[in-house]
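Participant: Have a look at this one.
The values are calculated or read from the model by the stated rules, or taken from the named source; none is laboratory data. Bear in mind the structure is a predicted one, so any value in this text is a computation, not a measurement. Note that we place each Cβ from the backbone using ideal geometry, even for glycine, and neighbour counts take in every protein chain shown. For the accessible areas, the whole protein counts, side chains as well, though only heavy atoms, and no ligand, DNA or RNA atoms are used. Shrake-Rupley method; radii C 1.70, N 1.55, O 1.52, S 1.80 Å.
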Amino acid sequence: MNLTIHATFLPHDDPEAALAFYRDTLGFEVRNDVGYGGMRWITVGPAGQPGTSIVLHPPAADPGITEEERRIIAEMMAKGTYGMLTLATDDLDGIFDRLQAGDAEVVQEPTDQPYGVRDCAFRDPAGNMIRINQLG
């Protein structure tokens, strides 16, 4: 059996800022951009990896979510505790410099972690925590 991750979902509260960040700063391809009812779902992914995508979606778009849950989601997004993604690269310092030049909110500079990983962390425009691990 072959099982892969096809798509993961991260919330956004500003589609243009999300698009600029994931497309222009990280260099991801835009694979789909769908609007419906004043909301946008934007699918992006790394070049050369057509089977792996990130869907940037409006938070709390599910009609079953209560107003209280919407408030909590907004608070968690503002704190950076609602969505998280870990990426990997063979050039951590290079991607860190690119992100810093693109005015990404740096949470942690490249660091050798005691558990054996070298990584950095930042937030996307919606507050989602993005960690990047050094490969190899």
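Participant: Only residues that are assigned to a helix (DSSP H, G or I) and either surrounded by fewer than 13 Cβ atoms within 10 Å (Cβ to Cβ) or in contact (Cβ under 8 Å) with a residue 40 or more places away in the chain (or both): list them for the range 1-19, please.
Facilitator: Hits for the range 1-19 are P15, E16, A17, A18.
Participant: Of all the strands (runs of 3 or more DSSP E) wholly in the range 77-136, which have at least 1 residues that are of a type in the set (G, A, S)?
Facilitator: 84-89, 118-123
Participant: Also, I was wondering about something else. Which members of the range 31-54 meet the condition of being modelled with pLDDT of 95 or more, of a type in the set (A, V, I, L, M, F, W, C), farther than 22 Å from E105 by Cβ and surrounded by 12 or more Cβ atoms within 10 Å (Cβ to Cβ)?
Facilitator: Scanning the range 31-54 gives a single hit, W41.
Participant: What are the residue pairs meeting all of these: first residue in the range 77-88, first residue farther than 11 Å from R123 by Cβ, second residue open to solvent by 80 Å² or more (accessible area, probe 1.4 Å), Cβ atoms under 7 Å, and 6 or more apart or on different chains?
Facilitator: Matching pairs, first to second residue: A88/L135.
Results for (1) in contact with a helix residue (DSSP H, G or I) (Cβ under 6 Å, 6 or more places away or on another chain); (2) within 16 Å of R23 (Cβ to Cβ); (3) not polar (S, T, N, Q), shown as yes or no for each residue.
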site: A88; (1), (2), (3): no, no, yes
site: D97; (1), (2), (3): no, no, yes
site: Q100; (1), (2), (3): no, no, no
site: D103; (1), (2), (3): no, yes, yes
site: P110; (1), (2), (3): yes, no, yes
site: P114; (1), (2), (3): no, no, yes
site: V117; (1), (2), (3): no, no, yes
site: I130; (1), (2), (3): no, yes, yes
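Participant: Against the definition (touching a Pro at 6+ places or on another chain (Cβ under 8 Å), under 30 Å from G94 (Cβ atoms), part of a strand (DSSP E or B) and without any contact (Cβ under 8 Å) to a residue 60 or more places away in the chain), how does I54 come out, yes or no?
Facilitator: no
Participant: Now for a separate question. Failed condition for I72, given (1) without any contact (Cβ under 8 Å) to a residue 40 or more places away in the chain; (2) part of a loop (DSSP other than H, G, I, E, B); (3) open to solvent by less than 70 Å² (accessible area, probe 1.4 Å), with all others met?
Facilitator: (2)
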